[in-house]
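Undergrad: Sending over a structure as structure tokens; questions will come in a sec.
Read-outs throughout are calculated quantities, based only on the coordinates presented, and are distinct from any laboratory measurement. Keep in mind it's a predicted model, so treat the numbers as computed, not measured. All Cβ positions, even for glycine, are placed from backbone atoms using ideal geometry, and neighbour counts span all protein chains on display.
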Amino acid sequence: MFCYQCDIVKFQEASLDILKKYNFDSKTFETLREKYIKGQFTEKDNKIKGKVEPPPSNLLNDLTKLDNSSKEKYSITGREVIKNNKLGVVIVNGGMATRFGGGVKGIVDVFDGKSFLKIKLQQIERVKEKFNSNIEIFIMNSFATEKATIEHLKEYKDINFFSQFIFKRLNPDGTEFNSPENQMENFYGPGHGDFIFAFKKSGLLDRAIKKGIEYIWYSNVDNLGATIDEVILGFSVEKNFEMTAEVAEKFRGDKGGAPALVDGKIQIVEGFKFPDGFDIDSIRVFNTATYIFQTKALKKIVETPGFELPWYIVKKKVKDKEVIQFERLTGDLSIFMKTGYVVVDRNERFFPVKTPEDLIQQRDFLRNKFG
């Protein structure tokens, strides 16, 4: 006999298991939800309240204009880091390929049966072979991408997997969103800003430091241009930046984050954070979301009592139903860390593929460049 009540119990138990497995922070969630319901936390709070200005050119280190001797100098430094096994790589792989018909973005076929992830891993392998070195690889999944990703990469033996955390979606009135057809739609990963916290909680940050890894190269899975570059790495090391953010020339129509002065201090500002009326086009570069981090700086900041990244309210759609999500951003680490901004060649370092149309247009180019 069909037991409707039994199904509800099973549904609730499965939900609790998922929340526990992916480190649901009920205290933070309920605090944010209560503020949202009371009107104390709204989309208006996403906007920066301080004075925002374009960054002066002297704070944007244009590596495209380095002379050959400077390039060689930084390249030597970068090569030494790689040769001495002091570099690790984090690939952010938490997103679903909703525009590609669902599934995990990282395992979408880019060309010749190779996925984003496998191309990224091939790029790293070539650097390892070039320098006869070991580069530790860390892939940050989400609850939605973990299983399929591990299966997709089962032939790879030396990959460290960890997952970002999990939050519950809300209805616009602040009640918990409930999808009767698919319980997984009730949850989401609360932004790539989870990185520093999830990396620490997994034990992989401490393990990386113990293994002598001093730098982490961080990039999104769908940007195949974010390869290991000896000059960028060497520049970051020589300047002793705790965090290095790659920025690139902005083209007409580009949206998203950019470096800006906020009350006189430069930081990465996501597009939705700019005050109404601010001319975003007055900033000539944008954030590619590719970073280099000092591992010890990550450890120091994440272990600082009371440290937290800002939270933002984000409206999304789940099957035409509006939902509310609380999210945080990795770029906001620039608020707290000594951050350098390097201008890189967009045509060499930034190839995001966001839609099937992007992939169709870029497939031959990507095959020729990374095949």
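Undergrad: Per residue of region 293-310, in order, report the coupling 6.51 cos²θ - 1.76 cosθ + 1.60 (Karplus, θ = phi - 60°) as ³J(HN,Hα) in whole Hz, putting x for Gly and Pro.
TA: So the Karplus estimates, Gly and Pro as x, are 10, 7, 5, 5, 5, 4, 5, 4, 6, 6, 8, 5, x, x, 5, 8, 8, x Hz.
Undergrad: Suppose we take every Cα in region 169-213 and form the convex hull; what volume per residue is that in Å³?
TA: Enclosed volume per residue, from the Cα hull, is 92 Å³.
Undergrad: Starting from the Kirkwood radius over alpha-carbon pairs of region 36-194, derive D by Stokes-Einstein at 20 °C in a medium of 1.002 mPa s and give it in µm² s⁻¹.
TA: Rounded to a whole number, D works out at 108 µm²/s.
Undergrad: Based on the Cα gyration tensor of region 248-346, what are the three equivalent ellipsoid semi-axes, each the root of five times an eigenvalue, rounded to whole Å and given largest first?
TA: Taking √(5λ) for each eigenvalue gives 23, 22, 13 Å, largest first.
Undergrad: If you don't mind, another one. Using θ = phi - 60° and the Karplus form 6.51 cos²θ - 1.76 cosθ + 1.60, what ³J(HN,Hα) does each residue of region 37-45 get, whole Hz, x for Gly and Pro?
TA: 4, 7, x, 8, 9, 10, 4, 4, 6
Undergrad: What are the residues whose amide H is under 5 Å from the amide H of Val269, where those residues sit 5 or more places off or on another chain and H is modelled from the backbone?
TA: Result for Val269 returns Ala258, Ala260.
Undergrad: Using amide H atoms built in the peptide plane, which far-off residues or other-chain residues are under 5 Å from Thr290 H to H?
TA: Correct list: Glu246.
Undergrad: Name the shape class, rounded, prolate or oblate, that the alpha-carbon gyration tensor gives for region 25-93, where a ≥ b ≥ c are the square roots of its eigenvalues, rounded holds for a/c under 1.5, and otherwise prolate holds if a/b is larger than b/c and oblate otherwise. List each step's numbers first, then the result.
TA: Numbers: a/c = 5.79, a/b = 1.88, b/c = 3.08.
Oblate, since a/c reaches 1.5 and b/c is not below a/b.
Undergrad: Calculate I(q)/I(0) for region 315-371 by the Debye formula, one identical point scatterer on each C-alpha and no solvent, and give its log10 at q = 0.13, 0.20, 0.25 Å⁻¹ to two decimals.
TA: -0.70, -0.92, -0.98
Undergrad: Considering only Cα-Cα distances, which of the following residue pairs are longer than 32 Å: Lys147/Lys210; Lys317/Lys369; Lys154/Lys211; Lys27/Lys128?
TA: Lys317/Lys369; Lys27/Lys128
Undergrad: In the chain, once you exclude exposed chymotrypsin sites (Phe, Trp or Tyr not before Pro) (DSSP loop, at most 11 other Cβ within 10 angstrom), what's the longest stretch remaining?
TA: 3-250
Undergrad: For the chain, what is the mean residue ellipticity at 222 nm derived from helices alone (per DSSP H run of n ≥ 4: -39500 (n - 2.57); sum divided by total residues; nearest 500 deg cm²/dmol)? Kindly include the intermediate steps, with their values, before the conclusion.
TA: On the way: 11 runs with 120 residues, N = 371.
So the helix-based figure for the chain works out to -10000 deg cm²/dmol.
Undergrad: Need the list of aspartates and glutamates near Lys201 for cross-linking: C-alpha distance under 16 angstrom, and skip anything on the same chain fewer than eight residues off.
TA: Asp25, Glu303, Glu308
Undergrad: What residues qualify as long-range amide H neighbours of Phe24, i.e. H under 5 Å apart, gap of 5 or more or another chain, H built at 1.01 Å from N?
TA: Amide H to amide H, under 5 Å and 5 or more residues apart or across chains, Phe24 pairs with Ile166.
Undergrad: Indicate, rounded to the nearest 5 percent, the antiparallel portion of the DSSP beta bridges found entirely in the chain.
TA: 55
Undergrad: A follow-up question, please. Using the Karplus curve 6.51 cos²θ - 1.76 cosθ + 1.60 with θ = phi - 60°, work out ³J(HN,Hα) for each residue of region 314-320 in order, rounded to whole Hz, and write x for Gly and Pro.
TA: Coupling constants for region 314-320: 10, 8, 10, 10, 10, 6, 6 Hz.
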